[in-house]
1. Being more than 19 Å from A:LEU450 (Cα to Cα) and without any contact (Cβ under 8 Å) to a residue 12 or more places away in the chain is true for just one of A:THR503, A:THR509, A:THR516. Which residue is that?
2. How about the range A:405-427: which of its residues are under 19 Å from A:GLY470 (Cα atoms) and among the aliphatic types (A, V, I, L, M)?
3. For A:ALA449, state whether it is surrounded by fewer than 20 Cβ atoms within 10 Å (Cβ to Cβ), more than 30 Å from A:GLU271 (Cα to Cα) and either of a type in the set (A, V, I, L, M) or within 20 Å of the chain's Cα centre (by Cα) (or both).
4. Please find, among B:SER114, B:SER106, the residue that is of a type in the set (S, T, N, Q), in contact (Cβ under 8 Å) with a residue 12 or more places away in the chain and over 23 Å from B:LEU78 (Cβ atoms).
5. Out of curiosity, is B:TRP11 within 23 Å of the chain's Cα centre (by Cα) and more than 14 Å from chain A (Cβ to nearest Cβ)?
6. Considering only the range B:41-53, I want to know if a residue exists there that is exposed (fewer than 15 other Cβ atoms within 10 Å of the Cβ) and within 26 Å of the chain's Cα centre (by Cα).
7. Being at positive phi and either within 14 Å of another protein chain (Cβ to nearest Cβ) or in contact with a Leu (Cβ under 6 Å, 6 or more places away or on another chain) (or both) is the filter here; which residues of the range B:171-214 pass it?
8. Can you tell me which residues in the range A:413-436 are closer than 20 Å to A:LEU453 by Cβ and either more than 12 Å from chain B (Cβ to nearest Cβ) or under 19 Å from the mean Cα position of the chain (by Cα) (or both)?
Amino acid sequence: MASDTFLDIRNLKIGVTVREPGERPRDITIVHGVSTKLEEGKVLGLIGESGAGKSTIGLSSLGYGRGGVEITGGEVWVNGRDILDLNRAGLNSFRGKEVCYVSQSAAAGFNPAHKLIDQVIEASLEHGIMSKPEAMARARELFAALSLPDPDNIGDRYPHQVSGGQLQRVMTAMALCPKPDLIVFDEPTTALDVTTQIDVLAAIKNAIRVTGVAALYITHDLAVVAQVADEIMVLRNGETVEHGSTKQIIEDPQEEYTKALVSVRSITHEEKVPTDKPIIEMKNIVAGYGSGPKILDDVSVELHPGQTLAVVGESGSGKSTLARVLTGLLPPRSGEITFEDRTLTPDQKSRPREDLRRIQMIYQMADTAMNPRQSIGTIIGRPLEFYFGIKGRKRDEKVAELLDKIELPADIAGRYPAELSGGQKQRVCIARALAANPDVIICDEVTSALDPLVADGILKLLLDLQAREGVAYLFITHDLATVRAIADSIAVMYKGRLARYGTKTEVLTPPFDDYTDLLLSSVPEMELGWLEQVMAHRKMESAGN
Amino acid sequence: MDLKTIPISAWIGIISTTCFVLAAIFAPLIAPYGMAEVVGGVWEPMSATHWLGTDNLGRDLFSRMIYGAQTTLTIAALATLVSFTTGSLLGMTAAVVGGWTDQILSRFVDLLMSIPTLIFALVVLSVLPPGLLTLILVMGVLDATRVFRLSRAVAVDVNVMDFVEAAKLRGEGRWWIITREILPNALSTLVAELGLRFIFMVLFLSALSFLGLGIQPPQADWGGMVKENKDGIVFGIGAALIPAAAIALLAISVNLIADWILNRTTDLKGGRGGQ
């Protein structure tokens, strides 16, 4: 390497041309003069919300701008030269040799028609860094360093033959293979389940340590980056908020914004005692799609009025199916749902309107949960009209009242979903559910598509509304931190069965069963050295392996 | 919408289509002679009195072109209307209701589409009593199969979105789901298709008239005019080419507009900013 300061980004400015249909293209700046340095073998974490410019900055260190993004100013020095001055041929010989990239979605990054090993060694051969046998040997070494099973033969498989967590590690091997000086990790664990994320994180950390490569680690999760990075740079709206050592950022943040990020999920909520009579009781539910396998197997849970039952589990554990059974979209094969004192009709189509009104649902993706062609006023007003026959002026007043409850200005009623931010959209969805004046709201991963601070706001709002309106939540999530914050009782699901069920204190107090232990221990904590501690004390392999 | 963002090709399409439409609407005011009035010799060349010359019976070709525009455009527009209302409503119903309804409707449409449209239309029109209404209905129903396929495909896409599920959970009826949740989101695709279908209607009608089963003489219509004057081509008289050129020009103009609309709304969510 040419110098100690391997990567030197100076006053980087990045712009993009926005082309909205029917409007003239206009230029906006998304990164406003960011500077940073990275020394040999160090890991710099870039953290921020969506739109902070972290991926854009990461890609600029490969001299690349994605989808109309253009580097408009500043310098990016890699190995003692400004790569922004390189021509196409120069960039081609530089990318994949000196700097490599690991993307968020490994599944989309691999060519499904080629064996893994061929793709892993491709860059090394292309750049003439090593011969084929050498590259193969190095790939196998890396597979072993990344704790992939059967490192000698796993390369002969095709991308669809390994799990998501494994594929992400193979992608890391691909990036490490040509012995680059820098790797850009762009949210490498975000799309993974929490128990898989920790394995990949540990593998990446180990590989970085073994190979001594420098890395830019981009993520929105401060707790994750705290485990791997030496330094952290906090970004917001394309500007640096704070830059310091990991220890300083986590333990002694200076800026307000960083403090907010560090203390996110600090919501606490007193657990309520279960009432005598649950509002909803699901008994011995068995369900599946078509004639396929059972997705839910003998699940029984209770939801008490004005309380929150959190259903936690990884993808494929059956937690969303449980919600579909409750809504009646998927009538169960056997089992019974009791609503107050009576049995709820299994099929939604034949439920009386009053039952439909009393059980409302909020979706994960607020984007697709609202008709893009309807105004916010129509979206929130429709349940009022439909269930209560409130029309015209009175409806508008009620809509304004509901908007006030979700802490949005009344004039938003005239706008369309595309004009709102992610958090605002989710609030509107909450208002739509509230408009029906329900007893139960099913919340299906309502915060997982949102940035941490925005998600925090939504959770606070939900708790607040519960306290005022006495509505019960069936809260489906994969995120244990959220569960700790808002649940009264918890159902842990694993492969379609209840792994553990009880009040929050019962479920979260040891002794744990193996799965709950794995799940609980996998949630990244904002603490240095957490990863090592956990990996040393694991009892069970994650499902992703 | 900014007028300056409309591309030049779309402008050409808009202007030329507008000319055709205006000519059709104000035909009796613009045409110098009556539609079936014999005003000169057979196949007279272009002159100051007869701008485009005269036809095989000595009628003024320019006047007949204008009246022809009226007939052709009106019938094509009405047939498109029939095909769109039936096709899109049935297509969306099939998508939303699903199951047997979908199967029966879709297989019936497959059946209709498996028979070449022109031959099918010829058979049906020669059996049924002649008349404008029959013509429009036959054209509309046959073309509705294409609209059915498209709107069913778009509706299937929209139907799986969460907001449709939310409406179903609310207990909304099918009519609301089809007209308020799905239709607005399918509209941009359908509008672009509307232009194309209209053009196919013009071509279809012209073909039928040329074969003698469309508009009956002395009513002027472009396809029929090509037929009346086609024998002149042997003698080097180009009267048949003028209505033929009008058909081609109209087809191209409407296509240019449809292209532009399609480009503006490639995204399913389209319209208002989209994501």
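1. Only one candidate qualifies: A:THR509.
2. Within the range A:405-427, A:ILE406 is the sole residue that qualifies.
3. On the way: surrounded by fewer than 20 Cβ atoms within 10 Å (Cβ to Cβ): yes; more than 30 Å from A:GLU271 (Cα to Cα): no; either of a type in the set (A, V, I, L, M) or within 20 Å of the chain's Cα centre (by Cα) (or both): yes.
No: the conditions fail for A:ALA449.
4. Values: B:SER114 fails: in contact (Cβ under 8 Å) with a residue 12 or more places away in the chain.
Criteria check complete, one pass: B:SER106.
5. yes
6. Checked the range B:41-53: no residue is exposed (fewer than 15 other Cβ atoms within 10 Å of the Cβ) and within 26 Å of the chain's Cα centre (by Cα).
7. Across the range B:171-214, the qualifying residue is only B:GLY171.
8. Matches in the range A:413-436: A:SER421, A:GLY422, A:GLY423, A:GLN424, A:LYS425, A:GLN426, A:ARG427, A:ILE430.
The values are calculated or read from the model by the stated rules, or taken from the named source; none is laboratory data. Since the structure is predicted, the reported quantities are computational estimates derived from the model, not experimental observations. Cβ coordinates were reconstructed from backbone atoms using ideal geometry, including for glycine residues, and neighbour counts include every protein chain displayed.
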